[in-house]
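Let me begin by presenting the structure, written as structure tokens, before commenting on it.
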Amino acid sequence: MALRGDLQNLKPCLIVRNPAAGRGRALRQWDGIERKLRDTGIDFEEAVTSRPCEAGEIAQRESGNYECIVAAGGDGTVHEVVNGLMRAGGRAALGVIPLGSGDDFAKLLSNGFIFDFSNKKTKTFDVGRISTGSEVRYFANGMDIGFGAHGARNVKRVPRFLTGFGAYLGALLLTMVRYPLLRVRLQLDDAPPFEFTTAMTAAMNGTTFGGSFRVCPEARPDDGLLDLLLVDAVGRLQILQLVPKILRGAHAGDPHLRLVRAKRVTIESDEPLLVEADGEIAFQDARELRIEVLPAALRVFA
């Protein structure tokens, strides 16, 4: 198969497949996807995960053996694979076959499926890094504390018959029952730190989380900046008023929130923080977060 541009020397790619992704969607659709891949003539090998964190371990171990490692699953699978690639030095490029419930990272790609390598080029994307103490996690799409993080945790509690946006809507309703208002100290780049009480603070590389919530609609994954959404301490009625605006990406200018950009962010709190990254719970009791963008740190088939 003749390939062009930066794919001419492509070694066989490795597809890291999470059959549990998408509440069964990944398992139901895989046979058809595999047939299409093979009919296209793509040379690939496959590794199937059976437990949490395994996708990251595979990506880290195999990064030096493949030109491309493909995350076949949801945002959690992408998150694990990106963390594995970054721990290995970001040598292999990232491909995505979106089979999750939200697939927020795939929305940044012109076509998440990699069926036709001959027409695909790699782009360099930024990666976010979160440090707390000696622990480090990377994120491809975004992270947050507050309402969104508790919503990500509540997705696990939603009945499995709810899929896609329905699962996230169910998690939103569960989170409305109880969510924290967090008193934090925030510093953006070298500006003086300030204190405020927040219902949610998000740092985004992409535009959406939760499948359809356009929290930072102007974000770009290759501009060397993080887009932040800072939501003040708001009650349930105000959250209900904000939700349709955020779904449309029409919340800029709302008096209860701010949209800003930074390269580095520090968040400190006297109370433990639940931290979500790419839909996964990254930390459960952090008190100081150092968040920074790593420009052009990852090659992505986009």
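Annotations
- Consider the stretch 35-45 and keep the residues that are out of contact with any Asp or Glu (no Cβ under 8 Å at 6 or more places or on another chain) and not aliphatic (A, V, I, L, M). The one that is modelled with the highest pLDDT is 45.
- Residues that are modelled with pLDDT of 90 or more and buried (at least 18 other Cβ atoms within 10 Å of the Cβ) were ranked within the stretch 1-19; the one that is nearest to residue 167 (Cα to Cα) is 18.
Per-residue answers, yes or no, for (1) under 23 Å from the mean Cα position of the chain (by Cα); (2) of a type in the set (A, V, I, L, M, F, W, C); (3) more than 17 Å from residue 144 (Cβ to Cβ):
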position	(1), (2), (3)
237	no, yes, yes
240	no, yes, yes
244	yes, no, yes
253	no, no, yes
256	no, no, no
260	yes, yes, no
264	yes, no, no
269	no, no, no
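- Inclusion of residue 277 among residues that are in the same structural domain as residue 156 (by TED's automatic domain parsing), at pLDDT 95 or above and surrounded by 17 or more Cβ atoms within 10 Å (Cβ to Cβ) is warranted.
- Figure legend. Inter-residue proximity from the stretch 48-65: first residues in the same structural domain as residue 19 (by TED's automatic domain parsing) and farther than 12 Å from residue 76 by Cα, second residues of a type in the set (Gly, Ala, Ser) and part of a helix (DSSP H, G or I), beta-carbon distance below 6 Å, spacing 6+ or different chains. Indicated pairs: 49/55; 59/84; 60/84.
- Inclusion of residue 254 among residues that are in contact (Cβ under 8 Å) with a residue 60 or more places away in the chain and out of contact with any helix residue (DSSP H, G or I) (no Cβ under 6 Å at 6 or more places or on another chain) is not warranted.
- Only residues that are closer than 16 Å to residue 279 by Cβ and modelled with pLDDT of 90 or more were counted across the stretch 101-126, and they come to 6.
- Qualifying residue in the stretch 224-233 (condition: touching a His at 6+ places or on another chain (Cβ under 6 Å) and farther than 30 Å from residue 296 by Cβ): yes
- Of the strands (runs of 3 or more DSSP E) lying entirely inside the stretch 77-177, the ones with 2 or more residues being in contact with a Ser or Thr (Cβ under 7 Å, 6 or more places away or on another chain), at negative phi and buried (at least 24 other Cβ atoms within 10 Å of the Cβ) are found at 142-146.
- Any hit, the stretch 252-259, residues being more than 23 Å from residue 184 (Cα to Cα) and either acidic (Asp, Glu) or surrounded by fewer than 21 Cβ atoms within 10 Å (Cβ to Cβ) (or both): no
- Restricting the stretch 152-175 to residues that are among the basic types (Lys, Arg) and free of Cβ contacts under 8 Å to residues at least 24 places away in the same chain, the residue that is nearest to residue 283 (Cα to Cα) is 156.
- Residue match in the stretch 57-73 (condition: within 17 Å of the chain's Cα centre (by Cα), charged (D, E, K, R) and not in a loop (DSSP other than H, G, I, E, B)): no
- Among residues of the stretch 188-219, those that are part of a loop (DSSP other than H, G, I, E, B), among the polar types (S, T, N, Q) and either at positive phi or surrounded by fewer than 24 Cβ atoms within 10 Å (Cβ to Cβ) (or both), counted: 2
- Among the residues making up the stretch 229-286, those that are of a type in the set (A, V, I, L, M, F, W, C) and outside any strand (DSSP E or B) are 233, 234, 237, 239, 240, 242, 243, 246, 247, 250, 252.
The values are calculated or read from the model by the stated rules, or taken from the named source; none is laboratory data. Everything numeric here is computed off the predicted structure, so don't read it as measured data. Note that we place each Cβ from the backbone using ideal geometry, even for glycine, and neighbour counts take in every protein chain shown.
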